[in-house]
Structure formats: C-alpha cells, structure tokens
Amino acid sequence: MIWTIGPLTLKPPLVLAPMAGCTDLPFRLLCREFGAGLCYSEMINAESLLHHPADHAALLATIPADQPLAIQLYGSDPVLMGEASALLSELPGNIIDINMGCPMQEVLKEGAGAALMNNLPLAKKIMTQVCRESRKPVTVKIRSGWNHETITAPRLARMAEDAGVQALAIHARTRSDGFSGEIDWGLVAEIKKMVAIPVIGNGELKNREEALAMQARTGCDGMMLGRAALGAPWIFSDRINPQPSMAFRIRTLRRHLALIEEQLGEKAELAKIRNHAWKYFRGATSAKSIRGRIEAAQRREDIHTLLNELELRYG
Ligand SMILES: Cc1cc2nc3c(=O)[nH]c(=O)nc-3n(C[C@H](O)[C@H](O)[C@H](O)COP(=O)(O)O)c2cc1C
C-alpha cells in the first residue's frame with residue numbers, strides 16, 4: 001500500500017524507529033533490504049550540530065540507497081531548532097523530524113524531548129520555527145503525554161498540523177511509562193481521526209502481524225518498530241518467519257557485518273558491533289554461550305571466527 005508524507009511517496013508501511021546508538025547507516029540499509037519503508041536517524045542535538053557540525057558526521061552519514069530517511073533533531077530553543085533545520089535542509093535526508101518523546105534525564109533537563117509534551121506553548125514555537133526554516137517536510141515524534149494525568153497528545157497533534165508538520169509518529173505511552181506499560185492503541189485511533197496528516201503508530205510491536213493488527217484497529221498510516229528490529233531486521237519482511245533458523249540468523253549477521261565494513265570501515269566501534277551481534281541470538285538455543293563469546297570479543301575477527309564455527313554447527 002502506498003502512503004505519503006508531504007511530497008514523498010512511501011511504499012511499505014513499516015518504519016524503523018529512531019534509536020540512539022543503534023539506527024546508524026549500516027543497520028538502516030539492512031532493514032531496508034528486508035522491506036522497511038522509512039527509516040529514522042539517531043537523534044541529534046540541534047545546538048551541538050550548529051556549533052560542532054563535524055562531530056555529527058557519523059550520525060548524518062547516508063548514501064542514496066538510504067532513502068527515504070528522516071533525520072531527527074532534539075532541542076528546546078525554537079531559534080536553534082530552526083537554524084539546525086535550515087542547515088539540515090542543505091544536506092541529504094528527506095525529512096526533518098522533531099523529537100518530543102525522549103524520556104532521558106539529560107534531555108528532559110534541557111526542556112527537550114518528552115518535556116515538550118508538558119510544555120505545549122514551547123512545542124508549538126519549535127514546530128512553527130522548524131517548519132518555517134526547513135525546506136524539507138517536517139515530522140514530529142511524540143508520546144501520549146507527560147503522565148497519565150496529562151495526556152497532551154491530541155492537543156499537540158492538532159497544533160502540529162496547524163504549524164505545517166506533515167506527519168506525526170506517536171509512541172502511545174506517557175513519559176512516566178518510560179519503555180514499559182500498555183500501549184494506548186485507542187489514542188492512536190483518536191489522533192488518526194482528528195488530523196488529516198499521516199499518523200505512524202509506535203510501541204511494543206513485536207512483528208509484522210502485530211503491526212498490521214495495529215493498522216487495522218487504529219487506521220494508522222505507518223507502523224514504527226524499534227526494539228523488536230534490533231538483531232531481527234527480517235521482521236520488516238513478509239516472507240521470513242519471525243523466528244528464523246540459526247543458519248538464517250548467522251547469514252543476516254554476516255550481511256550486517258559486511259555493511260558495517262563497507263560503510264564505516266575502521267571507524268566502526270567494536271562495542272557497537274558487539275551490541276548489535278549479541279541481539280541476533282535472542283531466544284536461540286545456546287544463546288548464553290554464544291553471547292558470552294561475543295561479549296569477550298576483542299577484535300572483529302573474533303566475531304567472524306565465532307560465526308565460522310556456528311556455520312559448521314548449524315549449516
Ligand atoms: C536504545 C534506544 C534508543 C532510542 N533512541 C531514540 C531516539 O534517538 N529518538 C527517539 O525519538 N526515540 C528513541 N527511542 C524510542 C524508540 O524510537 C521507540 O519509540 C520506542 O523504543 C518504542 O518502540 P518499540 O517498543 O518498538 O521499541 C529509543 C529507544 C531505544 C530502545
């Protein structure tokens with residue numbers, strides 16, 4: 001099914017969520033190979049981007065195959081957010097996304113991320129300024145609200161549409177829920193009915209079937225998968241069993257490592273590679289000993305040696 005965000009035409013409705021430390025260029029490319037229809041960058045601090053642009057080269061790294069791509073900004077100063085959007089407008093990337101969902105203390109204490117769910121006047125100024133300065137479609141990623149007593153998503157969604165935002169993603173939990181607790185699919189449906197812009201539902205979707213069920217129940221246009229995609233990029237595919245064989249997991253991890261090599265080369269951090277590799281063995285037999293070997297890896301070659309051994313064992 002085709003859907004659109006502003007002038008962009010998107011094909012599959014499954015979206016890779018922004019995840020700091022995880023959704024870098026190689027991982028996005030891999031998710032796209034399995035069918036992700038839209039990917040987000042890791043979040044980027046607007047002020048820091050303006051003052052030290054070179055420090056953000058890795059977060060901004062992309063290639064033409066990495067499209068459509070939303071680059072996500074966070075911050076609490078409307079002027080700086082606008083300037084950062086103008087800067088991003090000159091760089092590759094198809095969408096500028098505003099983070100209004102991050103519950104981390106260091107982001108909240110700046111008044112950014114999910115703090116904006118509790119400060120709608122500032123959220124409005126930021127959206128207005130970013131839409132004014134950006135030459136790309138602007139989207140926003142929100143939560144349900146600050147806590148269960150302050151469900152601000154419906155008001156914020158309307159403000160977003162009025163400010164010129166072209167789509168919104170909702171992680172249907174409050175800031176106080178963090179990353180657990182029930183997902184409010186009813187709220188996704190309510191917001192979808194309220195606004196004319198596309199709505200992307202997010203939160204706790206474990207696989208493609210659950211994503212399609214969310215779409216059927218809420219009418220949302222896109223479904224965003226985060227943690228379930230880590231170590232399991234095949235969940236974007238309609239042809240692959242969500243619990244694939246060990247041989248398939250090993251092949252996919254090898255492909256991931258090849259993309260890391262191709263795109264990042266020596267710049268790739270071993271800790272990050274280990275962190276991705278570890279996740280490919282979720283629920284697998286002998287996961288514990290495999291994960292122990294990955295954690296102990298001192299060089300990339302140690303992970304390749306492990307995969308060679310596993311290949312002999314699992315075919
Ligand atoms: C490791 C990690 C990093 C994340 N980083 C970001 C981020 O940079 N920007 C953002 O908007 N959300 C971020 N999130 C939230 C996810 O995008 C998503 O909203 C959340 O994980 C719920 O979806 P899920 O249940 O499918 O994982 C992050 C989540 C995780 C687990």
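Quick notes on this structure:
- Those helices (runs of 4 or more DSSP H) of the stretch 236-315 in which 2 or more residues are touching a Phe, Trp or Tyr at 6+ places or on another chain (Cβ under 9 Å) occupy 246-264, 287-296.
- Taken as a whole, the structure places A167 among residues that are in the same structural domain as P18 (by TED's automatic domain parsing) and within 15 Å of the ligand (Cβ to nearest atom).
- For S89, the requirement of being crowded, with 20+ Cβ neighbours inside 10 Å and either in contact (Cβ under 8 Å) with a residue 40 or more places away in the chain or of a type outside the set (S, T, Y) (or both) is not met.
- Filtered residue count, the stretch 170-182, keeping only those that are surrounded by fewer than 20 Cβ atoms within 10 Å (Cβ to Cβ), within 13 Å of the ligand (Cβ to nearest atom) and more than 19 Å from I235 (Cβ to Cβ): 4
- Within the stretch 27-36, being buried (at least 22 other Cβ atoms within 10 Å of the Cβ) and either away from the ligand (no atom under 16 Å from the Cβ) or part of a loop (DSSP other than H, G, I, E, B) (or both) holds for L29, L30, A36.
- The numbered conditions (1) of a type in the set (A, V, I, L, M, F, W, C); (2) touching a strand residue (DSSP E or B) at 6+ places or on another chain (Cβ under 7 Å); (3) crowded, with 20+ Cβ neighbours inside 10 Å are all true for W185 except (3).
- Within the stretch 214-260, the set of residues being within 14 Å of the ligand (Cβ to nearest atom) and of a type in the set (A, V, I, L, M) comprises M214, M223, M224, L225, A228, A229, L230, A232, I235.
- Test result for P18, assigned by TED's automatic domain parsing to the domain that holds A61, surrounded by 23 or more Cβ atoms within 10 Å (Cβ to Cβ) and either within 21 Å of L168 (Cβ to Cβ) or more than 16 Å from the ligand (Cβ to nearest atom) (or both): yes
- Filtered residues of the stretch 188-214 (kept if among the small types (G, A, S), surrounded by fewer than 20 Cβ atoms within 10 Å (Cβ to Cβ) and assigned to a loop (DSSP other than H, G, I, E, B)): A196
The values are calculated or read from the model by the stated rules, or taken from the named source; none is laboratory data. As the structure is a prediction and not an experimental result, all values here were calculated from the model. Positions of Cβ are backbone-derived with ideal geometry, glycine not excepted, and every protein chain shown enters the neighbour counts.
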